[in-house]
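Below: the structure, in structure tokens.
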Amino acid sequence: MSWRSEYIWIEFLAGSRKTSNFCWAFILFLGSLGFLLVGISSYLDRNLISLFPSQQINFFPQGIVMSFYGIAGLFISSYLWCTITWNVGGGYDRFDRKEGIVSIFRWGFPGKNRRIFLRFLMKDIQSIRIEVKEGIYARRVLYMEIRGLGAIPLTRTDENLTPREIEQKAAELAYFLRVPIEGF
């Protein structure tokens with residue numbers, strides 16, 4: 001989602017609050033809870049889950065392994081829920097031609113550096129660069145080259161833009177900022 005006017009361009013980033021992250025966190029939570037319940041039911045020798053009679057699963061070694069996988073899955077699931085709650089990676093890019101300032105804001109993990117705020121002068125932007133790596137793990141990223149500071153990514157690595165979409169986005173941004181496009 002983005003907002004544009006003649007002098008200001010604001011691009012909002014979703015961060016961790018995406019449908020896929022909600023689905024994965026929920027599925028992982030249910031699966032690991034199932035593993036943990038099966039492991040506990042084999043230890044107690046009671047049927048906590050009616051699908052798996054506890055007599056079929058011995059506590060040693062199957063029950064211990066299933067309990068371990070259940071606990072590990074609950075930790076990973078809680079990590080995913082925390083990143084969703086904190087909206088890690090979310091924020092905005094603000095390009096202001098009138099004031100000549102570029103502001104980049106991202107949410108991080110809680111702590112001292114929770115808010116990541118970068119500010120640059122527009123005259124220090126050298127170019128917009130596109131990085132494309134095709135293959136099994138295709139990666140298409142848009143960077144902003146800043147004089148003396150290097151490249152700053154403007155898109156998420158998992159955004160999965162098509163080559164046409166990233167080229168269009170780069171062309172529009174380069175035209176707005178009045179800088180050249182590099183790479184491809």
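Quick notes on this structure:
- Residue in the stretch 157-169 that is out of contact with any strand residue (DSSP E or B) (no Cβ under 9 Å at 6 or more places or on another chain) and farther than 19 Å from LEU13 by Cβ present: yes
- Selection status of TRP9, surrounded by 15 or more Cβ atoms within 10 Å (Cβ to Cβ) and within 30 Å of ARG97 (Cβ to Cβ): yes
- Qualifying residue in the stretch 51-69 (condition: of a type in the set (A, V, I, L, M) and within 25 Å of PRO153 (Cβ to Cβ)): no
- Residues that are open to solvent by 30 Å² or more (accessible area, probe 1.4 Å) and touching a helix residue (DSSP H, G or I) at 6+ places or on another chain (Cβ under 9 Å), drawn from the stretch 82-128: ARG97, GLU99, ILE101, TRP107, PHE109, PRO110, ARG114
- When VAL179, VAL132, VAL141 are checked against the criterion of being among the aliphatic types (A, V, I, L, M) and open to solvent by 30 Å² or more (accessible area, probe 1.4 Å), a single residue qualifies: VAL132.
The values are calculated or read from the model by the stated rules, or taken from the named source; none is laboratory data. Note that this is a predicted model, so its numbers are computed, not measured. Note: ideal-geometry Cβ built from the backbone for every residue, glycine included; neighbour counts use all protein chains shown. Calculation scope for accessible area: heavy atoms of the full protein, side chains included, ligands and nucleic acids excluded. Shrake-Rupley method; radii C 1.70, N 1.55, O 1.52, S 1.80 Å.
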